[in-house]
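Let me begin by presenting the structure, written as structure tokens, before commenting on it.
Read-outs: derived from the displayed coordinates by stated rules, not from any lab. Please read all numbers here as calculations on a predicted model, not as lab measurements. Ideal geometry is used to build each Cβ from the backbone, glycine not excepted, and the neighbour counts take in all protein chains shown.
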Amino acid sequence: MEIGLNHYLVLSTILFAIGLVGVMKRKNLLLLFFATEILLNAVNIAFAAISHYYGDLTGQMFAFFVIAIAASEVAVGLGLLIVWFKRHGTIDLDLMTSMKG
Amino acid sequence: MFEAVAFYLFAFLTIAMFYIVVTTKQALYALTALAAGMIFISAFFFILGADFLGAIQIIVYTGAVMALYAFGMMFFDTTRDVKEKQGNKYIIVGLSTLAAVLIVLIVSVPMVSDNIVALYPVADDIGNVQSVGLVLFTKYLIPFEVAAIMLLVAMVAGIVLAGKKMDLSLTLMSGEEIEDMKKEKNKKVLS
């Protein structure tokens, strides 16, 4: 049985769907960040698989940049989250209504 | 044969771990399951011959990002059960699946029409790390430098946001105390 590109794309779809379920379902902001990490990783798998099956290195390059963006997002997001928690004592999404959005 | 076995094994493990991440009520379980899932994802990169990407995945995600989350969780109350939205479950799952399938369609339509030509083909005589370096430092040099600057900015932002006033607990102080401290020291408590 040969593993082809479609196998990896289906796996990437499943992981992306799990991440989206997490994004829509979670109310705790920290666990929302976890769900976005899942989304980024699902896309990375698709990039690496396409890169392998088409013999092109561009997919791996973009996976590197995605990892760099994920790292910087965590640094800034966690800093904001810590400041918010120090000030308000909760990281519940529904209570973040100071912008009246 | 071994590739198929490895693929299905790690696919099952990854899906199980990420399912735990989005469903568990304990934040610590979610953190641990996410770290395990990241390791399992690096297995796919090794199967696909992207050795350098797999190593970076382990180092950056499991080593740096997960450790950062673990240290950040010291500030939060993680023993409490996480409350969740009371929404319609089927709508959420249906919308997520639809969105994911749409994204895969967007990615795969140009491949179906066979318009893809390998711009930077993988060379046979050199290894993965060497070819990654050749492409990264010729064609993608400017994005690489921009990513470095972005990481520097993120590091400064993280230090400024989280590193200030670590000895004070802003949750235990009243609003007036915080205002007084602002006036006294003529500094911003929160910035």
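Odds and ends about this structure:
- Number of partner chain Cβ atoms within 10 Å, mean per residue of B:125-134: 1
- Pairwise Cα separations in the stretch B:1-83 fall into 5 Å bins from 0 onward with the following percentages, short to long: 3, 15, 21, 21, 17, 11, 7, 4, 1, 0.
- Debye intensity ratio in log₁₀ form over the Cα atoms of chain A, taken at each q of 0.11 Å⁻¹: -0.45
- Averaged over the residues of B:7-14, the number of partner chain Cβ atoms lying within 10 Å of the residue Cβ comes to 3.
- If the segment from B:Ile59 to B:Ala157 were pulled out straight at 0.36 nm per residue, it would be longer than the present Cα-Cα gap by 33.1 nm.
- Shielding by partners - mean other protein chain Cβ count within 10 Å, residues of B:15-21: 5
- Coil-residue GluC sites (Glu not before Pro) of chain A, DSSP, other Cβ within 10 Å capped at 15: A:Glu2
- FRET efficiency, 1/(1 + (r/R0)^6) with R0 51 Å, evaluated for A:Met96 and B:Ala4 via beta carbons: 0.65
- B:Met73 versus B:Leu95: modelled label distance in nm, points set 7 Å from Cα along the beta carbon direction: 2.7 nm
- Between the stretch A:40-97 and the stretch B:1-40, the alpha-carbon center distance in angstrom: 17 Å
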